[in-house]
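Peer 1: Structure below; questions to follow.
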Amino acid sequence: MNGKIVLVTGANGGLGTYVTKAFLEAGATVVGTSRKIQQSEFNSPKFTAIAAELSTSGGAQRLIDQIASRFGNIDVLAHTVGGFAGGKPIAQTDDATFQKMLDMNFTSAFYLLRAALPAIRKAGYGRIVAIASRAAVDPGPGVGAYSASKAALVSLLRTVAAENKDAGITANVILPGTIDTPANRKAMPTADVTKWVQPANIASLVVWLASKAGVDFNGAVIPVYGKDA
Ligand SMILES: NC(=O)c1ccc[n+]([C@@H]2O[C@H](COP(=O)([O-])OP(=O)(O)OC[C@H]3O[C@@H](n4cnc5c(N)ncnc54)[C@H](OP(=O)(O)O)[C@@H]3O)[C@@H](O)[C@H]2O)c1
């Protein structure tokens, strides 16, 4: 990935930290973003932190404008921003939960992609990878807003894949099962963690999809379910 400009969103999250490290280890120049990210979080001269609120159109556009003026364009976008809220059936899901799920998992991706695609097309390389969830295709009770927001994200990525294949750009989406993150270990202390997906393995897949070898993978929706498959 030497010479490639990579934007990692959610760069300091449970998964995003691994994705950021994996791109840095692969030699990329990485811009890491989240609302609260700090430059000190990654000790590499090839890392630049830019804080941004992605669930607003203006926040996403300002981020892309800053990257364009500092780095010229974007070769790779790895979008890991997202999150979970829920636990109640649809009939009891409140407005705040529904809106939060749309904002975190879908609206942020829409605003970001709309702002970033011109810079990605200009770069002449073009790899986009987003993190959805197993729940996008395998919904269960009590997680309706989350599942629907992730399903919308899958649809968005497949549209981006179809609309940009003429420019040699690929767009793929990964569907993780439960990831072995510190937050999940804290929230589910008695769970069998050996069934969970290792974040380093998802990060390796993201970097591979973003590599030259990933050129023939476009519009893919990739399950990564660990031992719960
Ligand atoms: N953990 C799992 O078991 C699991 C399973 C399936 C799918 N996933 C998906 O995998 C992805 C990563 O999960 P994770 O566990 O690593 O999540 P996480 O630790 O909560 O990280 C989320 C990241 O997104 C950033 N973020 C949240 N809202 C934002 C906003 N409005 N604007 C900009 N940045 C924002 C957060 O940083 P700031 O707070 O600094 O903004 C953080 O860096 C998510 O899309 C999640 O839905 C996770």
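Peer 1: What whole-number distance in Å separates the alpha-carbon centres of region 67-119 and region 17-41?
Peer 2: 18 Å
Peer 1: Note the angle between two axes, namely the Cα long axis of helix 144-164 and the longest principal axis of the Cα atoms of the chain, as a number of degrees from 0 to 90, rounded to the nearest 10.
Peer 2: Roughly 30 degrees, rounded to the nearest 10.
Peer 1: For the residue pair THR159 and VAL137, what label-to-label distance in nm results when each label sits 7 Å from Cα along the Cα-to-beta-carbon direction?
Peer 2: A separation of 2.0 nm, rounded to one decimal place.
Peer 1: Moving on to the next point. Can you tell me how much longer the chain between SER204 and ILE90 gets when fully stretched, taken as 0.36 nm per residue apart minus their C-alpha distance, in nm with one decimal?
Peer 2: Length difference between fully extended and current span is 37.5 nm.
Peer 1: For q = 0.13, 0.16, 0.24 Å⁻¹, what log10 I(q)/I(0) does region 1-110 give under the Debye formula with an equal point scatterer on each alpha carbon and no solvent?
Peer 2: -0.50, -0.70, -1.33
Peer 1: Could you order peptides 30-39, 45-54 by the average number of other Cβ atoms within 10 Å of their residues, highest first?
Peer 2: Per-residue Cβ counts within 10 Å, averaged per peptide and sorted highest first, yield 30-39, 45-54.
Peer 1: Aspartates and glutamates near LYS100 by alpha-carbon distance under 18 Å, same-chain residues fewer than 8 away left out - which ones?
Peer 2: Candidates past the 8-residue exclusion: GLU53.
Peer 1: Sticking with this structure for a sec: Return the long-range amide H neighbours of VAL197 (sequence gap of 5 or more, or a different chain), with a cut-off of under 5 Å between placed amide H atoms.
Peer 2: Sorted by chain and number, the residues that satisfy this are THR178, ILE179, ASP180.
Peer 1: Sticking to Cα atoms, compute the Rg of region 158-201 to one decimal and its Dmax as the biggest Cα-Cα distance, whole number, in Å.
Peer 2: For region 158-201, the Cα-based Rg and Dmax read 16.4, 49 Å.
Peer 1: Mind pulling the angle between the C-alpha long axis of helix 57-71 and the longest principal axis of the chain? Nearest 10 degrees, somewhere in 0 to 90.
Peer 2: Taking Cα atoms only, the helix is inclined about 30 degrees.
Peer 1: May I have the pair-distance distribution P(r) for region 5-228, computed from all Cα-Cα distances with 5 Å bins from 0 and rounded to whole percent?
Peer 2: Whole-percent P(r) values from 0 Å outward: 1, 7, 15, 20, 22, 17, 11, 5, 2, 0, 0.
Peer 1: Just ILE128, ILE67, ILE169 to compare: in a GNM of the chain, with alpha carbon springs under 10 Å, which one fluctuates most?
Peer 2: ILE67
Peer 1: What value, in deg cm²/dmol to 500, does the helix sum -39500 (n - 2.57) over DSSP H runs of n ≥ 4 give at 222 nm once divided by the residues of the chain?
Peer 2: Taken over the chain, the calculation gives -12000 deg cm²/dmol.
Peer 1: Take the Cα of GLU41, step 7 Å along the line toward its Cβ, and report every residue of region 146-182 whose backbone nitrogen sits under 19 Å from that point.
Peer 2: 179-182
Peer 1: Does anyone have the angle between helix 199-210 and the longest principal axis of the chain? Alpha-carbon axes, 0 to 90°, nearest 10?
Peer 2: The angle comes out near 40 degrees.
Peer 1: Divide, for region 152-229, the radius of gyration over alpha carbons by 2.2 N^0.38 Å, where N is the residue count.
Peer 2: Here the answer is 1.30, to two decimals.
Peer 1: Based on alpha-carbon positions alone, could you give the equivalent ellipsoid semi-axes of region 55-154 from the gyration tensor, as √(5λ), descending, whole Å?
Peer 2: Equivalent ellipsoid semi-axes, largest first: 30, 14, 8 Å.
Peer 1: For region 23-39, in order, what is each residue's ³J(HN,Hα) by Karplus, 6.51 cos²θ - 1.76 cosθ + 1.60 with θ = phi - 60°, in whole Hz (x at glycine and Pro)?
Peer 2: Rounded to whole hertz, the list is 5, 5, 5, 7, x, 6, 8, 10, 9, x, 10, 5, 5, 10, 5, 10, 4.
Peer 1: Treating only the Cβ of Lys, Arg, Asp and Glu as charged (+1, +1, -1, -1), what charge dipole size does the chain show about its Cα centre? Round to the nearest 20 debye.
Peer 2: That gives a dipole near 280 debye.
Any read-out appearing in this document is the output of simple, stated calculations on the displayed coordinates, not a laboratory observation. It should be emphasised that the depicted structure is a prediction, and the values quoted were computed from it without experimental measurement. So basically every Cβ, Gly included, is an ideal-geometry build from the backbone, and we count neighbours across all protein chains shown.
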